[in-house]
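Quick notes on the structure that follows.
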Amino acid sequence: MAFVNTTALSFSKEQIVIGLTHGAFGSHIGLAFHSAKEGVQLLHLRFHRDISSDPFPVENKCWIITVPEVHKTNSKILIGIVRALANRKPTINFGINLFKTNGSFDANGRYTAPRGSDGLTCATFISEIFRAAGLPLVRNDTWETRDSDVAWGDEVCNLLKTKGNASDEHIAAVRANINGLRLRPEEVAFAADQPSRFRPMAFAEASGGGATVMTTLHIACPLPASTSPSTEPFFFGNA
């Protein structure tokens, strides 16, 4: 299995696709699925209280994609959850407390913030959808702190204030959770791309694999010389 450009997009109604693109903090993740009436759609958490279901491929936006290995029974549950979320579009705060995300969705696609949760990122949004379908991609309990992700937490809070219309109370709650723990979109993407026997994946494997996925993204979807991921205009939020 490997990531390809969306020009090679082809998958059945019994499958979903994991997609990765450039985002406000490096990368952004979503999943594509066959909707009942609107064709292929992309479901993703764009940013604070902003779930979107858009036609896919996205016009004028480069993505790399892969089809995860999923057992047929789990696939039916997964697609049901995805379609339910696309229809309901629940209000989900953008939050960074990684250890409080487990159990955010049930098998019917209903979202309930776990006790102590400040919300989800685009990466934990996808990870928790898979977990609800009995397909955990990563082991959150193995995650390690990184100094760069302390800075990321600060950037999230700044963006929540300037772009997210988040309340002062929510921003304060997110700021209190800045600790350098972050599940990155490319790490979720890497875990999803691996054979199911290697999942759920621990931090060491996912973080190393995520770096290779980012290399693939930059080769397949090079940014203009004058553009950096931090100034990408389309997706504000990513884990």
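The values are calculated or read from the model by the stated rules, or taken from the named source; none is laboratory data. Keep in mind it's a predicted model, so treat the numbers as computed, not measured. Using ideal geometry, Cβ is built from the backbone for each residue, glycine included, and neighbour counts are taken over all protein chains shown.
Please list, ordered by first then second residue, the pairs with beta carbon atoms under 8 Å, 6 or more apart or interchain, first in the range 195-213 and closer than 13 Å to LEU183 by Cβ and in contact (Cβ under 8 Å) with a residue 60 or more places away in the chain, second aromatic (Phe, Trp, Tyr) and assigned to a loop (DSSP other than H, G, I, E, B). From residues that are closer than 13 Å to LEU183 by Cβ and in contact (Cβ under 8 Å) with a residue 60 or more places away in the chain, the pairs are PHE203/TRP143.
The C-beta contact set for the range 19-44 (first residue closer than 14 Å to PRO55 by Cβ, second residue aromatic (Phe, Trp, Tyr), distance under 7 angstrom, 6+ apart or interchain) comprises GLY19/TRP63; ALA32/PHE56; VAL40/PHE56; GLN41/PHE33; GLN41/PHE56; LEU42/PHE56; LEU43/PHE33. Only residues that are assigned to a helix (DSSP H, G or I), within 16 Å of the chain's Cα centre (by Cα) and of a type in the set (S, T, N, Q) were counted across the range 63-89, and they come to 0.
Restricting attention to the range 128-154, the residues that are touching a Phe, Trp or Tyr at 6+ places or on another chain (Cβ under 9 Å) and either in a helix (DSSP H, G or I) or without any contact (Cβ under 8 Å) to a residue 40 or more places away in the chain (or both) total 9. For the structure I just gave you, tell me whether GLY164 is in a loop (DSSP other than H, G, I, E, B) and in contact with a strand residue (DSSP E or B) (Cβ under 7 Å, 6 or more places away or on another chain). In short, yes. Across the range 144-182, the number of residues qualifying as on the phi > 0 side of the Ramachandran plot and surrounded by 14 or more Cβ atoms within 10 Å (Cβ to Cβ) comes to 1. Residues of the range 1-24 that are within 17 Å of ILE219 (Cβ to Cβ), of a type in the set (A, V, I, L, M) and either surrounded by 23 or more Cβ atoms within 10 Å (Cβ to Cβ) or in contact with a Pro (Cβ under 7 Å, 6 or more places away or on another chain) (or both): LEU20 alone. Restricting the range 198-239 to residues that are in a loop (DSSP other than H, G, I, E, B) and loosely packed, with under 11 Cβ neighbours inside 10 Å leaves a set whose member that is modelled with the lowest pLDDT is PRO233. In summary, ASN60 fulfils each of the numbered conditions (1) touching a Leu at 6+ places or on another chain (Cβ under 6 Å); (2) in a loop (DSSP other than H, G, I, E, B); (3) polar (S, T, N, Q) with the single exception of condition (1). Among the residues of the range 93-127, the one identified as surrounded by fewer than 22 Cβ atoms within 10 Å (Cβ to Cβ) and touching a Phe, Trp or Tyr at 6+ places or on another chain (Cβ under 6 Å) is TYR111. Conditions first: (1) over 30 Å from ASN179 (Cβ atoms); (2) in contact (Cβ under 8 Å) with a residue 60 or more places away in the chain; (3) in contact with a Leu (Cβ under 7 Å, 6 or more places away or on another chain). LEU120 passes all but one, so which condition is the exception? If we test LEU120 against (1) over 30 Å from ASN179 (Cβ atoms); (2) in contact (Cβ under 8 Å) with a residue 60 or more places away in the chain; (3) in contact with a Leu (Cβ under 7 Å, 6 or more places away or on another chain), just (1) comes out false.
Quick one: in the range 37-80, which of the residues that are in contact with a strand residue (DSSP E or B) (Cβ under 9 Å, 6 or more places away or on another chain) and basic (Lys, Arg) is modelled with the lowest pLDDT? Filtering the range 37-80 for residues that are in contact with a strand residue (DSSP E or B) (Cβ under 9 Å, 6 or more places away or on another chain) and basic (Lys, Arg), the one modelled with the lowest pLDDT comes out as LYS61.
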